[in-house]
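Heads up: the structure comes next, in structure tokens.
The values are calculated or read from the model by the stated rules, or taken from the named source; none is laboratory data. What you are looking at is a predicted structure, and each value in this text was computed from that prediction instead of being measured. Methodologically, a virtual Cβ is constructed for each residue, glycine included, from the backbone with ideal geometry; neighbour enumeration extends over all protein chains shown.
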């Protein structure tokens, strides 16, 4: 049985590093209410800086530890810089925009790291004196792992003392509970936020630096860590230190034993735990409902009016242009246009649930991917023809949306976002690890449209007809009685319920509807590429939909359409023009979040109204 | 009137001649899709090899009198993105041929697309064999090694070294849960059976690529009490595995067969921590003394001031194969290039090589030996040279593998 003990220790050593990173993330969230996507990037930077310092100072003796210390302090300073330069400008925008801003930072850091350190993995030195192992119950166990467990306990104790015995700590805890009151009592919030962000970043950098003796330093460290850290913070309860500690242990130990028992589904297990916890404890183990009383995210504001009749002509002109497109652009233009139209439908479905529906979901890739995999699996295993497969796509997505949505609509705010994220990641993990059925990473290949729809022009018209009709239906739904009811629930939940509207049911149906159209878009996407991969389910697909919807603007129906056209075009052009496409994309997203939080269409409308003198 | 007609005719003729001359000089476009920014251990050396071959061919007058141009794009090792890039390269840049160095899954996706759209492609870095057998594409040729051949060479070498110690043993496998890993394990099972080793496969671990939890996985494998460990981990996963295995005494008294870790691309990262005595495929380039190879290594050294790596040679071969195929086809017509791939002869630093008619797989020499550390640097010691051609299944075996996939559909 000694191996069970060893496995427990192994799990705890994984938990140790997780805790360092997650506690920083949790602290930052507690005070600033920002879910910092860039936390993984800071972790990665900590590792890279530590690597360089050990190369520079030499990785032996005290210099090794000095390198780690300097790397974490350096990361803390970088974190403070990010907070002062970027986050200070987005504290007033809705929380999903903040998430987007921190994601832009992720993109920027990725490119900066790539061009500073190069694409190759780097292997740092072993920890001096801790490179070997000690024997526990007759089995060798790496002494460094044991050190990590002890070190994490020290950090936990240190953080506890800092939060409970110092003036700074009291301010941090006060701000976590009620930051407006802290501000009213005369604390300089600006610097409190910066200090907390620096501390959190330092912990992330420390976590990264401590990985040096365990693994090589690589460019994928950021995303793999941030997702794990999210899971930990959400399970433990956002903003709770002991929650982060307990959840790290749960995640680390489950991972270790999962490998013993279910080696095939280790990834699924992680998100399953998260989903189960959130279903039973919607605010995590130690989170409280009070956390949610902070200003309810104003994702979308103001009533959405049907467009002015004059706008009809704009739509007619646009329609004619779309119909004439095959004569105006070449084959590549058509291929790109088909992709834009499919993604416009995807974005429109997200817009429907986020804008009029008022649900800040963060896992829309789930429905897109379900539709896509439904098509691919049916084609591959049952040779189902395209029309039938395209009917099955939205059905699969609706089923998924109804099952997962039932849990989701009971939650709200950032927890809703994280619950939807957990479900999406779970299905992604299934597609990724179920090699025999889904082909795993390889995906499913060779799923092309039949002869009559296979040339680019025919496929373009096919996509245009289906997506156009779907977007029209979505638009119609918004101005139907159901749409008004949905918006009533969004704006005044209590009043809406008082007049007899069933809020949860309405939102649940909304999710189903949005899921259906996302699923159809996913199905069409498969035929445009001839293949499907787990990436259609992963966080990047979610983010793409998100960016398209937000850069278009949430307060207008044309927002997601404009957003998908602009974003798809930008992405393909930028990655063609420059190797620094992540940097460029990150900067564009940042400038949109900071300067045009209304999105392109929203800003345009505002400009028009201003010119007409309707608003000051 | 006649004069006007004559003038027009002359002008017309001039234009036509001009147009034809332009056509003759118009470059042959090669679209390059490779994983330049993710797990990019092989991408940069490959790119150097590609550029070197293009420069040499263009200096010598190009192909069919036309210069070669390479348009390089980063696939980010994302199959969806790679297909999008392939679409763009074909419909917007009008490339004639694709060259590709990527993860096996991404290459498979591009191959599936290329088959549908009739675009010839040459593969330079995907050793998983489904690309040439199970999911065969006539428009594709592979100038890279074959995973089957690597595994075959590794097991033959292990039999040479350990003899009967390899019979009736408990084998475990640890490999990334991607095409690369699955394809290698299948080959290992087939080949071990073919040699009558009576291997008892007792445990399998399939960590997600780049997400290996090394400590916990090793404890799990230890429970299977293996005698032989077969692994094809690489990159960050390999580093984690090597470190943990050492600390946990995992490899003591065990035979480790690890095709693919000994190439300089993966070896160099491990440096002095390279484990000793693992059976692996490597590239002992400073010990290969054939004149054509030494000459190539010198030219490479002058051009890039960087140590020669495996995929530099493969990238170079890839461009040479494309040039040879277009010369043989006499044009850039995809159908003709496809036919030209059958039994194509093309020059490489290891002498003239050919593509097999049955699966468009090249036959190259490769080296299997034991991993070792000399003066703090990784090295392949006690190596034997094998040839890909001698280490592939029989033609009937390959047809059976192709058949299997048709039945699966």
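Worth pointing out:
- Pick from the range A:320-335, criterion touching a residue at least 40 places away in the same chain (Cβ under 8 Å) and under 34 Å from the mean Cα position of the chain (by Cα), ranking: farthest from residue A:469 (Cα to Cα): A:331
- Number of residues in the range A:127-136 that are crowded, with 18+ Cβ neighbours inside 10 Å and closer than 20 Å to residue A:50 by Cα: the value is 2.
- The lone exception for residue A:139 - which of (1) within 11 Å of chain B (Cβ to nearest Cβ); (2) buried (at least 19 other Cβ atoms within 10 Å of the Cβ); (3) in contact (Cβ under 8 Å) with a residue 24 or more places away in the chain it fails: (2)
- Subset of the range B:110-129 [within 18 Å of the chain's Cα centre (by Cα) and over 13 Å from residue B:89 (Cα atoms)]: B:111, B:112, B:122, B:123, B:124, B:125, B:126, B:127, B:128, B:129
- Check on residue B:176, within 12 Å of chain A (Cβ to nearest Cβ), crowded, with 23+ Cβ neighbours inside 10 Å, free of Cβ contacts under 8 Å to residues at least 40 places away in the same chain and over 15 Å from residue B:134 (Cβ atoms): no
- Here residue A:90 does not fit the description of being closer than 19 Å to residue A:48 by Cβ, touching a helix residue (DSSP H, G or I) at 6+ places or on another chain (Cβ under 8 Å), crowded, with 18+ Cβ neighbours inside 10 Å and more than 12 Å from chain B (Cβ to nearest Cβ).
- Residue A:258 vs. criteria assigned to a helix (DSSP H, G or I) and facing chain B (nearest Cβ under 10 Å): yes
- When residues of the range B:210-236 are limited to those that are closer than 20 Å to residue A:253 by Cα and touching a residue at least 40 places away in the same chain (Cβ under 8 Å), the one farthest from the other protein chains (Cβ to nearest Cβ): B:221
Residues are listed down the side, and each one gets a yes or a no for (1) surrounded by fewer than 20 Cβ atoms within 10 Å (Cβ to Cβ); (2) more than 14 Å from chain B (Cβ to nearest Cβ):
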position: A:160; (1), (2): yes, yes
position: A:180; (1), (2): yes, yes
position: A:188; (1), (2): yes, yes
position: A:193; (1), (2): no, yes
position: A:209; (1), (2): no, yes
position: A:212; (1), (2): no, no
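- Residue match in the range A:225-237 (condition: under 23 Å from residue B:243 (Cβ atoms), part of a helix (DSSP H, G or I), facing another protein chain (nearest Cβ under 9 Å) and under 20 Å from the mean Cα position of the chain (by Cα)): no
- The residues listed here are B:89, B:98; of these, the one that is more than 10 Å from chain A (Cβ to nearest Cβ), touching a strand residue (DSSP E or B) at 6+ places or on another chain (Cβ under 8 Å), over 20 Å from residue B:345 (Cβ atoms) and touching a residue at least 40 places away in the same chain (Cβ under 8 Å) is B:98.
- A single member of A:124, A:76 is touching a residue at least 60 places away in the same chain (Cβ under 8 Å), in a helix (DSSP H, G or I) and surrounded by 21 or more Cβ atoms within 10 Å (Cβ to Cβ), and it is A:76.
- Pick from the range A:402-448, criterion within 14 Å of chain B (Cβ to nearest Cβ) and not in a helix (DSSP H, G or I), ranking: surrounded by the most Cβ atoms within 10 Å (Cβ to Cβ): A:443
- In the set (1) in a loop (DSSP other than H, G, I, E, B); (2) over 19 Å from the mean Cα position of the chain (by Cα); (3) on the phi > 0 side of the Ramachandran plot, the condition left unmet by residue B:331 is number (3).
- Residue in the range B:253-273 that is farther than 30 Å from residue A:126 by Cβ and in contact with a helix residue (DSSP H, G or I) (Cβ under 7 Å, 6 or more places away or on another chain) present: no
- All of A:124, A:118, A:129, A:61 fail the test of being within 14 Å of chain B (Cβ to nearest Cβ), farther than 22 Å from residue A:222 by Cβ and more than 22 Å from the chain's Cα centre (by Cα), apart from A:129.
- Look at (1) within 13 Å of chain B (Cβ to nearest Cβ); (2) touching a residue at least 12 places away in the same chain (Cβ under 8 Å); (3) within 30 Å of residue B:134 (Cα to Cα); (4) surrounded by fewer than 23 Cβ atoms within 10 Å (Cβ to Cβ) and you find that residue A:457 fails only one, number (3).
- Considering residues of the range B:336-362 that are touching a helix residue (DSSP H, G or I) at 6+ places or on another chain (Cβ under 6 Å) and free of Cβ contacts under 8 Å to residues at least 24 places away in the same chain only, the residue farthest from residue B:315 (Cα to Cα): B:336
- Number of residues in the range B:196-209 that are facing chain A (nearest Cβ under 8 Å) and assigned to a strand (DSSP E or B) equals 2.
- For the residues B:157, B:189, B:225, the requirement of being surrounded by fewer than 18 Cβ atoms within 10 Å (Cβ to Cβ) and more than 30 Å from residue A:132 (Cβ to Cβ) singles out B:189.
- Residue match in the range A:572-583 (condition: assigned by TED's automatic domain parsing to the domain that holds residue A:476 and in contact with a strand residue (DSSP E or B) (Cβ under 7 Å, 6 or more places away or on another chain)): no
- Residues of the range A:525-543 that turn out to be under 15 Å from residue B:83 (Cα atoms) and either in contact with a helix residue (DSSP H, G or I) (Cβ under 6 Å, 6 or more places away or on another chain) or not in a helix (DSSP H, G or I) (or both), as a count: 11
- Per-region count, the range B:366-380, residues touching a residue at least 12 places away in the same chain (Cβ under 8 Å), surrounded by fewer than 16 Cβ atoms within 10 Å (Cβ to Cβ) and closer than 23 Å to residue B:161 by Cβ: 1
- In the range B:116-130, the residues that are closer than 24 Å to residue B:184 by Cβ, at pLDDT 90 or above and either at the interface with chain A (Cβ under 8 Å from one of its Cβ atoms) or assigned to a loop (DSSP other than H, G, I, E, B) (or both): B:124
- Test: residue in the range A:530-541 that is away from every other protein chain (no Cβ under 14 Å) and on the phi < 0 side of the Ramachandran plot: no
- Within the range A:147-162, not a single residue is part of a helix (DSSP H, G or I) and within 26 Å of the chain's Cα centre (by Cα).
- Given (1) within 25 Å of residue B:223 (Cβ to Cβ); (2) surrounded by 21 or more Cβ atoms within 10 Å (Cβ to Cβ); (3) away from every other protein chain (no Cβ under 14 Å), number of the condition residue B:245 does not satisfy: (3)
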